[in-house]
Amino acid sequence: MFPSLLLRWYKKHARTLPWRGHHDAYAVWVSEIMLQQTRVEAVIPYFERWMDRFPSVRALAEASEQDVLNLWEGLGYYSRARNLHKAARVIMDEFGGQLPRSVEALRKLPGIGRYTAAAIASMAFGLDEPTLDGNIRRVYARIFNVDVPADSTAGEKLLWQIAAENLPRGKAGDYNQALMDLGAMVCLPKNPRCESCPLKIHCTAFQLGVQESRPILKPKAEIPHHINAAAILVGRIGNPPIHAVLLNQRPSRGLLGGMWEFPSGQIQIAPAKSLPKILKESYSLNIRVSEELMVVHHAYTHFRVTVHAFRCELLSKSKNEFLKWVKLSELDDYPMGKVDRQIAQKIKHQLESQSSTLGKSRVRK
């Protein structure tokens with residue numbers, strides 16, 4: 001059977017990853033959450049920083065949400081970080097700081113679904129649990145020539161059944177990781193390296209020459225494109241007064257939940273003309289637009305966005321409780337999405353350059 005061939009291949013070719021080689025359930029859990037929809041190469045430095053800063057469930061549970069989001073910044077899909085934080089507190093309160101050892105209990109924790117629960121159970125606790133991530137779906141879809149969409153209800157059910165039926169008892173942890181490595185290193189989405197695959201004699205799709213068209217996926221909907229406008233409001237706070245910018249904290253739920261951003265909104269036409277009305281309605285801010293600072297383009301999973309960022313003048317104060325003046329020197333302590341971080345870096349560089357130029361001018365006088 002192919003599981004034994006795969007395990008022999010894995011013993012020789014397994015990737016060296018910082019969360020492997022031990023049975024720390026916390027490390028396995030963190031790594032599996034980070035790896036959701038994110039490449040291994042991108043995850044490794046984040047995982048290492050995370051484990052250095054939050055080496056245990058207790059350390060994570062005792063951290064503030066802002067510290068958690070700040071460390072996660074740039075990894076995307078921020079609900080993953082918020083759910084890790086929430087789950088850590090549940091684990092401290094209800095499980096004495098130890099991850100529960102059953103799939104059923106794991107699935108009740110925030111952010112842990114069927115795949116992640118099974119991955120933790122098999123890799124950290126050695127339980128005989130099949131699992132199914134993107135790599136494993138692709139491998140099984142090719143070996144068994146699955147001819148229904150892998151991302152459909154029927155396809156999902158069939159692939160889970162295949163995973164369960166081919167699980168080698170007592171070796172689920174290594175086997176699941178071997179499937180993941182094979183999908184990442186050999187059974188690639190495009191141009192799979194079939195000639196070097198240890199399972200090619202068992203792969204029905206390869207024998208039929210249809211491996212490039214497996215897995216079958218449902219047609220993707222057209223990705224919408226949004227146009228946004230953002231206001232860069234600069235002031236001075238403290239004594240002596242120093243530069244600060246006005247930020248808004250996003251709601252804890254939804255896209256970029258709990259992150260900080262420059263006051264902004266979606267527009268239809270004329271960004272500079274639309275921005276004052278948007279900020280008045282959404283933030284109770286009265287502003288005057290000065291000049292365009294920059295334009296940022298970014299692609300999220302389900303839409304693309306173009307953001308026009310404008311330097312603006314604040315005409316009157318707002319009582320919006322989610323708005324906060326943040327010192328220029330403290331901007332890095334406020335977690336932001338990629339778009340707002342680019343804007344923050346631009347305005348920070350601009351203001352620091354102006355201050356430096358002004359200082360030199362005063363010295364010459």
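Annotations for the structure displayed:
- Single residue of region 119-142 satisfying the filter (aliphatic (A, V, I, L, M) and either in a helix (DSSP H, G or I) or free of Cβ contacts under 8 Å to residues at least 24 places away in the same chain (or both)) that is nearest to Phe2 (Cα to Cα): Val139
- All positions within region 143-160 that are in contact with a Phe, Trp or Tyr (Cβ under 9 Å, 6 or more places away or on another chain) and part of a helix (DSSP H, G or I): Ile143, Leu158, Leu159
- Of the residues screened, Lys220 is not one that is in a helix (DSSP H, G or I), more than 22 Å from Leu35 (Cα to Cα) and of a type outside the set (Ser, Thr, Tyr).
- Scanning region 161-188 for residues that are out of contact with any helix residue (DSSP H, G or I) (no Cβ under 8 Å at 6 or more places or on another chain), in contact (Cβ under 8 Å) with a residue 12 or more places away in the chain and part of a helix (DSSP H, G or I) returns a single hit, Ala164.
- Counted residues, region 256-273 - those being free of Cβ contacts under 8 Å to residues at least 60 places away in the same chain and either surrounded by 19 or more Cβ atoms within 10 Å (Cβ to Cβ) or not polar (S, T, N, Q) (or both): 8
- Members of region 38-52 that are assigned to a helix (DSSP H, G or I) and either without any contact (Cβ under 8 Å) to a residue 24 or more places away in the chain or touching a Cys at 6+ places or on another chain (Cβ under 9 Å) (or both): Glu41, Pro45, Arg49, Trp50, Asp52
- Just one residue in the set Glu352, Glu313 is acidic (Asp, Glu), farther than 27 Å from Ala270 by Cβ and over 28 Å from the mean Cα position of the chain (by Cα); that residue is Glu352.
- Comparison of Lys319, Lys273 shows that the only residue that is under 19 Å from Gln249 (Cβ atoms), in the same structural domain as Leu247 (by TED's automatic domain parsing) and not hydrophobic (A, V, I, L, M, F, W, C) is Lys319.
- Those residues of region 224-255 which are of a type in the set (Gly, Ala, Ser), in a loop (DSSP other than H, G, I, E, B) and in contact (Cβ under 8 Å) with a residue 40 or more places away in the chain, in sequence order: Gly238, Ser252
- Selection status of Leu293, surrounded by 12 or more Cβ atoms within 10 Å (Cβ to Cβ), more than 26 Å from the chain's Cα centre (by Cα), at pLDDT 95 or above and not basic (Lys, Arg): no
- Enumeration of residues in region 292-321 that are hydrophobic (A, V, I, L, M, F, W, C) and part of a strand (DSSP E or B): Leu293, Met294, Val295, Val296, Ala299, Val305, Val307, Ala309, Phe310, Cys312, Leu314, Leu315
- A residue that is of a type in the set (Ser, Thr, Tyr), outside any loop (DSSP other than H, G, I, E, B) and without any contact (Cβ under 8 Å) to a residue 60 or more places away in the chain cannot be found anywhere in region 53-76.
- The set of residues in region 83-106 being surrounded by 15 or more Cβ atoms within 10 Å (Cβ to Cβ), outside any helix (DSSP H, G or I) and not aliphatic (A, V, I, L, M) consists of Pro100, Arg101.
- Within region 322-365, restricting attention to residues that are of a type in the set (Val, Ile, Thr) and assigned to a helix (DSSP H, G or I), the residue that is modelled with the lowest pLDDT is Val363.
- Residue check, Gln66 assigned by TED's automatic domain parsing to the domain that holds Ile120, touching a helix residue (DSSP H, G or I) at 6+ places or on another chain (Cβ under 7 Å), surrounded by 15 or more Cβ atoms within 10 Å (Cβ to Cβ) and polar (S, T, N, Q): no
- Boolean, Ala221 is surrounded by 14 or more Cβ atoms within 10 Å (Cβ to Cβ) and either free of Cβ contacts under 8 Å to residues at least 60 places away in the same chain or in contact with a helix residue (DSSP H, G or I) (Cβ under 8 Å, 6 or more places away or on another chain) (or both): no
- Considering residues of region 209-231 that are of a type in the set (Val, Ile, Thr) and under 26 Å from the mean Cα position of the chain (by Cα) only, the residue farthest from Ser274 (Cα to Cα): Ile216
The values are calculated or read from the model by the stated rules, or taken from the named source; none is laboratory data. Here the structure is a predicted model, which is why all the values come from computation and not from measurement. Ideal geometry is used to build each Cβ from the backbone, glycine not excepted, and the neighbour counts take in all protein chains shown.
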